[in-house]
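Single-structure report; data block below.
The values are calculated or read from the model by the stated rules, or taken from the named source; none is laboratory data. Nothing here was measured: the structure is a model prediction, and the numbers come from that model. Reconstructed Cβ throughout: ideal geometry from the backbone, glycine too, with neighbour counts over all protein chains shown.
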Amino acid sequence: MLSITLAELAWSFLRVGLFGFGGGFAMIPLMQAAAVNEYHWLTMKQFSAAIAVGQITPGPVAISATFIGYQAAGISGAVVATLAVFTPSILAMYLLARFYLRVRADPVVQGMMHGVLPVIVALIVMVALGLGQEGVASLWQVLVVAVTVLLAIRARVPYVLLILGSTVVGMVATLAGKHF
């Protein structure tokens, strides 16, 4: 059974790595589809926590694959999922480094790059809405989301300060028993 799970992890995260154009945020719906909906390795709440942990660790969001793999099949699952999710990117970077400089001015290549951007934005919006439904359960959390968006967009507050600030607010609200 473990070998089947490892094969499923490898196939799932190869697909995530291959079709997750636009970086980590574009990978999240693909990871959710596999980990939560298709194979049920995690609940939506666990998946949201995995993404949150992936956001606060240094490195790409795709590192959440390591956590998902660990939950599904222990250490070997973590290794398989991590290698599988990064393999397509490593191969793509190698090929891009070799060939992109030759074709970057080509109108077809430019058109492809411009065509992918709206899909990436749509995927990021879908992820935000999906995680928000699961992770924002009280009024104070809705207020933190709204204030964070305003501070990020209007005041251009550094993300690390936004994360630290919301962490402090969450700790204070929880310790104070405020679940309004």
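Key figures for this structure:
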{"item": "Among residues of segment 96-106, those that are part of a helix (DSSP H, G or I) and exposed (fewer than 10 other Cβ atoms within 10 Å of the Cβ), counted", "result": "4"}
{"item": "Pairs where the first residue, in segment 138-149, is closer than 17 Å to Leu161 by Cα and assigned to a helix (DSSP H, G or I) and the second is modelled with pLDDT of 90 or more and β-branched (Val, Ile, Thr), C-beta under 6 Å, 6+ apart", "result": "Val144/Val169"}
{"item": "In segment 140-180, residue nearest to the chain's Cα centre (by Cα) [restricted to those that are among the small types (Gly, Ala, Ser) and within 15 Å of Ile56 (Cβ to Cβ)]", "result": "Ser166"}
{"item": "Residues that are modelled with pLDDT of 90 or more and either in contact with a His (Cβ under 8 Å, 6 or more places away or on another chain) or assigned to a helix (DSSP H, G or I) (or both), drawn from segment 150-159", "result": "Leu150, Leu151, Ala152, Ile153"}
{"item": "Cβ pairs under 7 Å, 6+ apart, first in segment 38-61 and surrounded by 14 or more Cβ atoms within 10 Å (Cβ to Cβ), second acidic (Asp, Glu) and modelled with pLDDT of 85 or more", "result": "Tyr39/Glu8"}
{"item": "Residue in segment 110-124 that is without any contact (Cβ under 8 Å) to a residue 24 or more places away in the chain, over 30 Å from Glu8 (Cβ atoms) and either in contact with a strand residue (DSSP E or B) (Cβ under 9 Å, 6 or more places away or on another chain) or of a type in the set (Lys, Arg) (or both) present", "result": "no"}
{"item": "Test: residue in segment 64-72 that is of a type in the set (Phe, Trp, Tyr), at pLDDT 85 or above and buried (at least 18 other Cβ atoms within 10 Å of the Cβ)", "result": "yes"}
{"item": "Some residue of segment 37-44 being of a type outside the set (Val, Ile, Thr) and within 28 Å of Met93 (Cα to Cα)", "result": "no"}
{"item": "Single condition Val169 does not satisfy, out of (1) in a helix (DSSP H, G or I); (2) without any contact (Cβ under 8 Å) to a residue 24 or more places away in the chain", "result": "(2)"}
{"item": "Spans of helices (runs of 4 or more DSSP H) in segment 1-72 with at least 2 residues over 28 Å from Tyr159 (Cα atoms)", "result": "2-19"}
